[in-house]
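These notes are about the structure you will find just below.
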Amino acid sequence: MEKCMKKCISCNGSLHELMKIENMPASAQDIPHKGELYKDVGIEVVLCVCEDCNLVQLKNDAVHYYRDVIRAGGYSTTMEELRKSEYGHFIELASLKGKKIIEVGCGRGEFLGMLKGFPVEGYGTEHKKELVELAKSAGLRVDEDFPESEDHIFKDGPFDAFMSFNFLEHQPHPRTYLKAIYNNLVEGGYGLITVPSFEYILKQNSFYEIIPDHIAYYSFDSLTHLLNISGFEVIESKTVNRDTIEMIVKKRKLPDVGGIILRKTDIANEVLDTVKSYSKIAVWGASHQGFTLCSTTGIAKYVDCIIDSAPFKQGKFAPASHIGIISPDEARKRKLEAIIIVAPGYTNEIANIIKTTFDSDIDIYTLMTDKLKRL
Ligand SMILES: [Zn+2]
């Protein structure tokens, strides 16, 4: 396999060439008149795969009209039935009754119009002016717009959910498109996405499904990866209409560190009170846990020393708190009243060393959870 210079449009990974097809139509849209035939020539299309995220994609540039949504299948009854059943399920699953949904790339509103009759507020964006006008004249709330950057702001936002039907495979910057949508969704917002399935093309061995208009050929895995690195988790995924991948996604929650913040002060106070109640106390464990505890809780001036069995740490000082690090042998000579073990992986082993080789009246504490425990 040959390496391409171009990088993956999803994850910026390295691309490998898979195959070339010569004399392909340059686009599926610009169908020439007789007088234009002299300037219409076939092009070479190069299919590549990203070695990092496995997304199959063209090395070729995107067609010039990739921002426009040009659909032919909008009025088929098969499509109408599919969309309506998807809408019903999506609205139910994501509790979208009375909420705002935006279709980003809605064409003349073929699919947006099918939301009528559902208890939601539908909005759409479309790049091509003529299509926006057609959508508006059909009574739809469609804005002439396209997200060129992640911090793009859509009119009438934020939205509770978004929809994107067979548009992502045209996008040369799919992560920008998805991040812009992410930034216009409420916390916990949902999305409904469809793309043509690459698994289907592989199964049918159908080279004729490849067209320059589709710069990306998503599989379940590569689409999930793109959605994940754009801030979404996939809630549901399936194949619909034989050849299409459908996914329902949700904006990923940021981790809740409220508990850590809350307990930080409590742990510090508890440790400080304990340390102050002894005239000679040591911390056992010259690792990151012990260092952080000593430097961030204000106990440094009350701690006699840090004990550690590793010779290369002995004789040095704890970063930030500057408490001296000594060997267990040295510590035995210090007449310690208490030791706090801060080495979660080795607590039992250390406790055993203290019990069997130190003065028997030494009080032993451990910090393994969010509480100081006396052994
Ligand atoms: Zn990639």
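Numerical summary
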item: Residue, nearest to the chain's Cα centre (by Cα), within the stretch 213-233, restricted to residues that are among the aliphatic types (A, V, I, L, M) and more than 12 Å from the ligand (Cβ to nearest atom); result: LEU227
item: Flag if GLY139 is over 21 Å from the mean Cα position of the chain (by Cα), without any contact (Cβ under 8 Å) to a residue 60 or more places away in the chain, assigned by TED's automatic domain parsing to the domain that holds SER222 and under 30 Å from ILE210 (Cα atoms); result: no
item: Long-range neighbours under 6 Å by Cβ, at least six apart or interchain, first residue farther than 19 Å from HIS170 by Cα within the stretch 15-34, second assigned to a loop (DSSP other than H, G, I, E, B) and away from the ligand (no atom under 16 Å from the Cβ); result: GLU17/GLU2; ASN23/GLY42; PRO32/ASP40
item: Selected residue (criterion: farthest from ASN228 (Cα to Cα)) from residues of the stretch 1-19 that are within 13 Å of the ligand (Cβ to nearest atom) and part of a strand (DSSP E or B); result: CYS4
item: Residue list for the stretch 40-61, restricted to those being within 21 Å of LYS6 (Cα to Cα), of a type outside the set (D, E, K, R) and free of Cβ contacts under 8 Å to residues at least 60 places away in the same chain; result: VAL46, CYS48, VAL49
item: Enumeration of residues in the stretch 133-169 that are acidic (Asp, Glu) and assigned to a loop (DSSP other than H, G, I, E, B); result: ASP145, GLU148, GLU150, ASP151, ASP156
item: Any strands (runs of 3 or more DSSP E) falling wholly within the stretch 20-111 and containing at least 2 residues that are β-branched (Val, Ile, Thr); result: 43-50, 100-104
item: Flag for THR265 being more than 16 Å from the ligand (Cβ to nearest atom) and either of a type in the set (Gly, Ala, Ser) or in contact (Cβ under 8 Å) with a residue 40 or more places away in the chain (or both); result: no
item: In the stretch 326-363, the residues that are surrounded by 14 or more Cβ atoms within 10 Å (Cβ to Cβ), polar (S, T, N, Q) and assigned to a loop (DSSP other than H, G, I, E, B); result: SER327
item: Number of the exception - LYS97 against (1) touching a helix residue (DSSP H, G or I) at 6+ places or on another chain (Cβ under 8 Å); (2) within 16 Å of the ligand (Cβ to nearest atom); (3) free of Cβ contacts under 8 Å to residues at least 24 places away in the same chain; result: (2)
item: Selection within the stretch 41-56 - of a type outside the set (Gly, Ala, Ser) and either under 28 Å from GLU144 (Cβ atoms) or more than 13 Å from the ligand (Cβ to nearest atom) (or both); result: VAL41, ILE43, GLU44, VAL45, VAL46, LEU47
item: Residue in the stretch 62-76 that is under 29 Å from PRO147 (Cα atoms), surrounded by 17 or more Cβ atoms within 10 Å (Cβ to Cβ), within 16 Å of the ligand (Cβ to nearest atom) and free of Cβ contacts under 8 Å to residues at least 40 places away in the same chain present; result: no
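The values are calculated or read from the model by the stated rules, or taken from the named source; none is laboratory data. Note that the structure is predicted; figures quoted are calculated from it, not measured. Every residue, glycine as well, gets a Cβ built from its backbone with ideal geometry; the counts of neighbours run over all protein chains shown.
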